[in-house]
1. How long, wide and thick is the chain, going by the Cα atoms along their three principal axes, in whole angstroms, largest first?
2. Based on other C-beta atoms within 10 Å, arrange Thr61, Thr55, Thr43 from fewest to most.
3. What distance in nm lies between label points placed 7 Å from Cα along the C-beta direction at Asp33 and Ile120?
4. Just to verify a number: FRET efficiency for Lys5 and Phe54, C-beta to C-beta distance, R0 = 30 Å, to 0.05?
5. Among Asp33, Asp111, Asp18, whose mean-square fluctuation peaks in a Gaussian network model of the chain (Cα, cutoff 10 Å)?
6. Nearest 10 degrees is fine. How inclined is helix 102-115 to the longest principal axis of the chain, computing both from alpha carbons?
7. Can you give me the Rg/Rh ratio for the range 40-83, using Cα atoms for both radii and the Kirkwood formula for Rh?
Amino acid sequence: MPLIKWHDAYSVKNEILDNQHKSIFNLLNSLYDSCMSNTVYFTYNSILDELTRFTKKHFATEEKHLKEIGYGNIEEHLKEHREFENIMNNVFASEPNNYDNCKELLVFVADFILHHVIVIDRNYSE
């Protein structure tokens, strides 16, 4: 069972960004499945790495879009992106392959992603 499901209410009214958000949700759900089923921790780390890389790609796409539309609160938005990237980079630098903390990390990542997509990103879509 997925941890989070996409709902049309989460849409930022941009097909590319919505599809990327859906992919992030899917990766988060895969991370959740791996963590909850105690699968081989290589799988967990592989998914976490993919989620980190894809999120970075998504942020670049989103930031380009924000510049193109002249979004007024872009600096605050970019700050959120950098904070997430820094935390994720620190996770890999300080505790590489640490499956023991998967639930704690999962809660952080899920909370950030849901808040960012549902609250922060919706600001530029309105």
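Bear in mind that the values in this text are calculations on the coordinates, not laboratory data. As the structure is a computational prediction, the values presented were derived from the model and not from experiment. Counting neighbours? That spans all protein chains shown, and the Cβs are built from the backbone with ideal geometry, glycine included.
1. 44, 31, 18 Å, listed from the longest principal axis down.
2. Values: Thr61 13, Thr55 23, Thr43 16.
In order of increasing Cβ crowding within 10 Å: Thr61, Thr43, Thr55.
3. 2.7
4. Details: r = 18 Å, r/R0 = 0.61.
The value I calculate is 0.95.
5. Judging by the Gaussian network model, the answer is Asp111.
6. On a 0 to 90 degree scale, this one is about 10.
7. Details: Rg = 13.8 Å, Rh = 11.8 Å.
Using only Cα positions, Rg/Rh for the range 40-83 is 1.18.
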